[in-house]
Amino acid sequence: MSERVLGVVMNGVTGRMGYRQHLVRSVLAINAGGGLPLADGERVRLRPVLVGRSERKLADLAARHDIADWTTDLSAALADPANQIYFDAQVTSARVPAVTAAIEAGKHVYVEKPSAESYADAMALAKAADAAGVRHGVVQDKLFLPGLLKLRRLIEGGFFGRILSVRGEFGYWVFEGDWQDAQRPSWNYRTADGGGIVLDMFPHWHYVLEHLFGRVEAVTARAVTHVPERWDERGERYDATADDAAYGIFELAGGIVAQINSSWTTRVFRDELVEFHVDGTEGSAVAGLRRCRFQHRAGTPKPVWNPDLPATEPFRDQWQEVPDNAEFDNGFKAQWELFLRHVLEDGPFPHDLASGARGVALAEAGLRSSAEGRRIVLEETR
C-alpha cells in the first residue's frame with residue numbers, strides 16, 4: 001500500500017477551537033488512525049505546518065505534539081510547494097487577507113466560519129478561489145453531529161410528513177471575567193475585532209436550516225448586548241460593544257418557520273447546549289448534539305390545559321430515542337476527511353466558500369433587521 005504526505009498550513013491553531021478540534025481531534029487524529037485511505041488504496045498522512053504570531057505558543061504546541069514545522073512567516077509557508085492546503089482558524093478580522101494570499105499562492109483553502117466579516121468580502125473569496133481553480137470549503141461542523149445526523153435520518157425517511165416549524169435554543173452563561181475566568185476570548189465581545197453572537201452563530205443556523213429544511217428567505221431578528229462590560233485575558237475591564245444574545249425568526253422555502261434563540265447570557269435548563277425541536281404533521285423530534293428523540297402522531301398524547309391542577313403527564317417519557325445504528329466520529333474530523341477527498345479525489349463537497357458567504361449574508365440581514373426594527377427579505381445568492 002502506497003503512502004504520501006500532504007503539507008497543510010494551519011493558521012490560528014493556538015486558539016481554543018483551532019487547537020482542540022482541528023489540530024488535535026482532526027489532523028493529528030487522522031494521522032493516528034494511519035492516515036486517510038483513498039479509493040485507490042493509497043493512504044495520505046498530513047504534515048501540519050503551524051502558523052501564528054507568537055513564537056512561544058507555536059514552539060510549545062509543536063513540542064507538545066512532536067510537530068516539526070512551525071513559523072510566524074505565513075508567506076514562507078505558502079511558498080513551499082509541498083504545502084497544498086491552507087486552513088484558517090484565526091480571528092475573523094484577520095481571515096480575508098490570509099485566505100486571499102493562500103488563494104493567490106495556488107493553495108486549496110479550508111476556513112472556519114464566518115469566512116469573512118461581510119458578505120461582499122466572503123463572496124470575493126469564493127470568486128477568487130473559483131477563478132484560481134483551487135478547491136475551497138468552510139467548516140460547517142454541526143451537520144456532522146450525531147444528533148443532527150439522526151435528525152437527517154428522520155427527515156430523509158419521511159417521518160415528519162409536512163414540516164411545519166423548527167425551534168432552536170442555543171447558549172450558556174459566559175462569565176464576565178472578573179470573579180471567574182470567561183470561557184470565550186474577549187475579542188468575541190468587541191465589534192471592532194469581528195465579535196458578536198450574530199456573526200458567530202447565524203452562519204451556523206444558516207447551513208443547518210439550508211441543508212436540513214430549506215433555503216432561508218427572510219429574517220426578523222433582535223440583537224442585544226445584555227452585559228455591557230467584561231474583563232479580558234489580562235484581567236482588565238473593557239466595554240463589550242458586540243451583541244451577546246440574538247432572537248431570530250427565519251422564514252424558509254416551503255412555508256417552514258424557524259425560531260432560534262442564541263445567547264451567551266443564559267443559564268442552561270435543557271439536556272444539551274443546543275437543541276432543535278421540529279414539528280411536522282406526522283410527528284415531532286428534538287435533536288441535540290448527540291441525542292435525538294421523536295414522537296409519532298399515533299403516540300401523541302392528548303394533553304388538556306387546566307391551570308388549576310398540577311401537571312401529571314410524564315411528557316418526556318412519552319418520546320422515543322432514535323438509535324445510533326452507526327458509529328459517529330468527531331464531526332470536525334468527518335468534515336476534514338470529506339474536504340480532503342474533495343481535494344484528492346474530486347469527491348462532493350457542498351460546503352464551499354459560496355455556501356459560507358450565504359451564512360454571512362444571513363448574519364448581515366439579522367443585524368440589519370435588529371437595527372431597523374423590521375423583517376428583511378434575503379436576496380437570492382448563489
Among (1) among the basic types (Lys, Arg); (2) in a strand (DSSP E or B); (3) within 22 Å of the chain's Cα centre (by Cα), which single condition is Arg290 missing? (2)
Taking Ala126, is it out of contact with any Pro (no Cβ under 6 Å at 6 or more places or on another chain), closer than 25 Å to Val224 by Cα, outside any loop (DSSP other than H, G, I, E, B) and assigned by TED's automatic domain parsing to the domain that holds Gly52? no
So in the range 109-125, with the set limited to residues that are under 19 Å from Gln84 (Cα atoms) and touching a strand residue (DSSP E or B) at 6+ places or on another chain (Cβ under 7 Å), which one is surrounded by the fewest Cβ atoms within 10 Å (Cβ to Cβ)? Glu112
Could you pull out the residue among Ala63, Ala79 that is surrounded by fewer than 13 Cβ atoms within 10 Å (Cβ to Cβ) and more than 29 Å from Ala357 (Cα to Cα)? Ala63
For the range 321-345, name all the residues that are farther than 30 Å from Arg43 by Cβ and either loosely packed, with under 12 Cβ neighbours inside 10 Å or of a type in the set (Asp, Glu) (or both). Glu321, Pro323
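Every residue, every condition in (1) surrounded by fewer than 18 Cβ atoms within 10 Å (Cβ to Cβ); (2) under 18 Å from the mean Cα position of the chain (by Cα); (3) part of a strand (DSSP E or B), yes or no:
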position: Leu148; (1), (2), (3): no, yes, no
position: Arg153; (1), (2), (3): yes, no, no
position: Phe159; (1), (2), (3): no, no, no
position: Ser165; (1), (2), (3): yes, no, yes
position: Asp178; (1), (2), (3): yes, no, no
position: Asp181; (1), (2), (3): yes, no, no
position: Asn188; (1), (2), (3): no, yes, no
position: Ala192; (1), (2), (3): yes, no, no
position: Gly195; (1), (2), (3): no, yes, no
With respect to Gly106, is the statement that it is in contact with a helix residue (DSSP H, G or I) (Cβ under 9 Å, 6 or more places away or on another chain), in a loop (DSSP other than H, G, I, E, B), of a type outside the set (Phe, Trp, Tyr) and touching a residue at least 24 places away in the same chain (Cβ under 8 Å) true? yes
Can you tell me which of Thr241, Thr312 is in a loop (DSSP other than H, G, I, E, B) and touching a Lys or Arg at 6+ places or on another chain (Cβ under 6 Å)? Thr241
Just one of Ala285, Ala298, Ala221, Ala258 is among the hydrophobic types (A, V, I, L, M, F, W, C), on the phi < 0 side of the Ramachandran plot, assigned by TED's automatic domain parsing to the domain that holds Phe315 and in a helix (DSSP H, G or I); which is it? Ala298
Count - residues of the range 31-45 that are assigned to a strand (DSSP E or B) and in contact (Cβ under 8 Å) with a residue 60 or more places away in the chain: 2
Name the residue that is surrounded by the most Cβ atoms within 10 Å (Cβ to Cβ), counting only residues in the range 9-23 that are in a strand (DSSP E or B) and of a type in the set (A, V, I, L, M). Met10
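The values are calculated or read from the model by the stated rules, or taken from the named source; none is laboratory data. Note that the structure is predicted; figures quoted are calculated from it, not measured. Ideal geometry is used to build each Cβ from the backbone, glycine not excepted, and the neighbour counts take in all protein chains shown.
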